[in-house]
1. Among the residues of the range 323-351, which ones are assigned to a strand (DSSP E or B), aliphatic (A, V, I, L, M) and buried (at least 17 other Cβ atoms within 10 Å of the Cβ)?
2. Go through (1) under 30 Å from residue 408 (Cβ atoms); (2) out of contact with any Phe, Trp or Tyr (no Cβ under 6 Å at 6 or more places or on another chain); (3) in contact (Cβ under 8 Å) with a residue 60 or more places away in the chain; (4) not hydroxyl-bearing (Ser, Thr, Tyr) one by one and return the number of the condition residue 358 breaks.
3. Go through the range 483-527 and give me each residue that's touching a His at 6+ places or on another chain (Cβ under 8 Å), small (Gly, Ala, Ser) and not in a helix (DSSP H, G or I).
4. If residue 510 meets every condition in (1) closer than 17 Å to residue 580 by Cα; (2) surrounded by 23 or more Cβ atoms within 10 Å (Cβ to Cβ); (3) over 24 Å from the mean Cα position of the chain (by Cα) apart from one, which number is that one?
5. Given the range 72-146, what strands (runs of 3 or more DSSP E) lie entirely inside it while holding 3 or more residues that are β-branched (Val, Ile, Thr)?
6. Restricting to the range 716-739, and then to whatever is surrounded by fewer than 20 Cβ atoms within 10 Å (Cβ to Cβ) and assigned to a loop (DSSP other than H, G, I, E, B), can you tell me which residue is nearest to the chain's Cα centre (by Cα)?
7. For residue 833, state whether it is at pLDDT below 90, assigned by TED's automatic domain parsing to the domain that holds residue 720 and surrounded by 12 or more Cβ atoms within 10 Å (Cβ to Cβ).
8. I need every pair where a residue in the range 850-871 that is under 27 Å from residue 796 (Cβ atoms) has its Cβ under 6 Å from the Cβ of a residue that is assigned to a helix (DSSP H, G or I), sequence separation at least 6 or different chains.
Amino acid sequence: MSVQDQIQQLHSIKDVNDITGFKRAVKSNYEWLHDNFNKELVDKLVVARSDFTDALLRHAWQLLGLDKEPSLALCAVGGYGRGQLQPYSDIDLLILSEKKVSKSVEERLGRFITLLWDVKLEIGQSVRTVKETINLAKSDITIATNLVESRILCGCENTFKQLIDKVNSPKVWSSKDFFLAKLEEQQKRHHKFNDTSYNLEPNVKENPGCLRDIQSIGWVAKKHFREYDGLTLIGHGYFFEIEHAELIECRSHLWQIRFALHLVSGRSENRLLFDYQPDVAKLLGYGEGKAAVEQMMKAFFRIVRRVSELNSMLLLRFKDDVLEQKVKKVVTLNAKFELRDGLISPSQPETFYSPADILDFLSLISQHDTIQGLDADCIRQLRNARRRFQYQYYHERQDCRERFMALMKQPEFFNLGWDIMYKYGILQSYLPEWDKIVGMMQFDLFHAYTVDEHTHRLVKFVYSYYHGEKKFPRCHRIVKNLDKPELLFIAAIFHDIAKGRGGDHSTLGSVDALKFCELHNMSESDANTIAWLVENHLLMSVVAQRRDIYDADVINQFATTVKTHDNLNLLYALTLADIRATNDNLWNDWKASLLRELYLLTQQAFDNGLECQVTLDQRITEHKTEAMTLLAEKGISEEQAMLFWRQMRPDYFVRFKPNQIAWHTESIVTHPTLAPEDILVSASNSTSKAGTELLIYCSDRPALFAQIASVLDSRNCSIHDAQITVTDEGNVFDSMIILDQDAQRIDSEFHIKNLVDAIRSQLVKPGRSHANKRKMSRQMKQLDVKTKVRFYSSTEHATLVELEALDAPGLLAKIGHLFVDLNLTLKMAKISTIGERAEDVFIVSNEEGKALTQEQEITLKKQITLKLDQPEVNPAI
């Protein structure tokens, strides 16, 4: 049944109370949209959906006799006002009158709206007079924007004309004020998405480079130029015909994705969530599986880049005309370019005759810190040049290679110049390896961005060290002392460049880096440094977060791999930037403290000729002395302190800072009784920058860790580090660094007290864990994380167990109970949550106080896998 047939079906309904008839017509339209999605162009479908809705509204309006009411008009506003409608989009209506409507009309309007709701249309409506509408539009840019796109569906043409004449009057919104308001609105919207188009769950409507950015161009054109067709802007000199065609092509592509998303979700959903991506990809014809989603998203991200370029170019042109700005200052930069009020502008009709000219342009930008961006003509020429040279990779030309290396040696290039190289596709035109990662998805909750966007941000963080003396003083000193900054920047560019090819991306990337260095005539020594950094870019993060960095053997092994102070400095700077660029929520004081400790311990080990135990012994002496000074200020004598200190092994004084040792000691030796049945539970926000420190000291008992973990998990708190010691006297000393659900310390004293009380109450119930009601998040349900268990020799007295699993509610409590069931003693735990993955490390010993036997390792691995992979039955036990 065609849309015209559906409209005829509507007209056959003679009674406004025939809800069944209206529902049948609406259902028929939805079915037609589903059936014709892959048969008709989406441009035709969104117009057809709007046409059908127009017909339904007009018919219902007439059946209620509202068409006979003088001065009453039914108007479509907002997106519906454009005459384009997605399957489940809101249908925004303005019921307009010259004067306040009568009770009789008000009653019929109520029936009209109720009918629309009854047939399951998503209606947004308002009933206003012309005066009320104008007054609201004056104070609300959203209402004003909706009216710019309004059209009359039926009713009094004169009333609607009164409204439009006043809406277009400068007294409501002048073109200048309207433009500035829409520009500010777009900037705020972009900022919500971290000013990037490359988010892994993009909003097809609101994301930078998506439909809102196209609509912004239309709103300004309609308000200022009174132009309702983009083609007419060509005549005004704003568009070339090919650019208008490109914008329409991009809009159609985004419409198609949004249309499919509505059909898959069955509602007005604009977020391309992980849940929907596979079904949307299938509906769009990409096939099934991860590869299909990746292909779809790559195409999507390339589209949004094109939209972002066109949006920037056109709004800059509009800005000049709408604001009637005259250039105040022109500075000649060279024969080809000039600076016009901070924006670089070509002074010739054509400036880019070869790829080398583009790289010279970037070099020019690096030399002038007063350049704030590109003007519209510059964006257009750069876009056109990129397309002229698109069938060649610039690195194949010797003149380009020389220019590229010159850029890599200038840290200031990585300010605006790097952004332009990335944003306008120059880097992917230079490097074929980079071209492969543009728009590449990362299917986890750890990475917030595509591979190329992550690397772009990483490089920017490296550059920020040059000006970040206060925030990152150590990294600032490192980069300022580099003789060859290009080593760090090139390693940053290549660190993830081999992702998605199969195999270890670090190893493959190091091979790519060596080829690059050889092609660009870098020395063998420099090439090996870059390749080593790429191959080992995850090393420092893994050791800091998954190994016992206070173990002399761990430090010795790490230092032996790193080899030199220079490698350590480069790796430290790269690692910090990598973590920060992965996800805005990942970097915290806990990670900072771990990396800082590993850096300092390794540096001291180098200074001691890799005598790592000497380094640790020095730290023990220093920490004891400083802690004793702090305790003396509190009135605690050395004799009192030794009551606790004699119970602790030497490594305790390495792991903890003097202020922590002093707090532990004071809390324990001043506790009133500490009888065998007594339990000390305390918390502090002043001992660690990494989070809130939780202290538990009591006689040893089974399932202690599991019980504590269950309480914390139920309160949406997470353990990030746990040091567990069972003394010779049979006491348990636990120190844990905990964070709240936002990965921050628990600042509220009230919440800390409640948490401490809950843990103490739980621990007096031997063997049982707190009932956990926390549910798994929507995103995590869509992700598959296989449970992996690995074993490493720690010492003859302990085994290191590395666990990778889905970070499901109650995970640590389950593991803790399992250790009890298998008669294993937990000595230390390092807890890392990376997106949806828990990457935890436990150091355990068997009932004999020894490392696990091979048979015990096999049993533990089997039990962990069974415990974590089986369906949840009763998490309270």
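1. Our first condition is that a residue be assigned to a strand (DSSP E or B); within the range 323-351, this holds for 330-332, 337-340, 343-346.
Subset that is aliphatic (A, V, I, L, M): 330-331, 339, 343-344.
Within the range 323-351, 339, 343, 344 meet the criteria.
2. With respect to (1) under 30 Å from residue 408 (Cβ atoms); (2) out of contact with any Phe, Trp or Tyr (no Cβ under 6 Å at 6 or more places or on another chain); (3) in contact (Cβ under 8 Å) with a residue 60 or more places away in the chain; (4) not hydroxyl-bearing (Ser, Thr, Tyr), residue 358 is out only on (2).
3. Scanning the range 483-527 gives a single hit, 498.
4. Condition not satisfied by residue 510: (1).
5. On the way: elements: 72-76, 91-97, 123-129.
Here the list reads 123-129.
6. The qualifying residue nearest to the chain's Cα centre (by Cα) is 716.
7. Details: at pLDDT below 90: yes; assigned by TED's automatic domain parsing to the domain that holds residue 720: yes; surrounded by 12 or more Cβ atoms within 10 Å (Cβ to Cβ): yes.
Yes, satisfied.
8. That search, which allows pairs on different chains as well, returns 863/818.
The values are calculated or read from the model by the stated rules, or taken from the named source; none is laboratory data. Keep in mind it's a predicted model, so treat the numbers as computed, not measured. In this analysis, Cβ positions are derived from the backbone assuming ideal geometry, glycine residues included, and neighbour counts consider all displayed protein chains.
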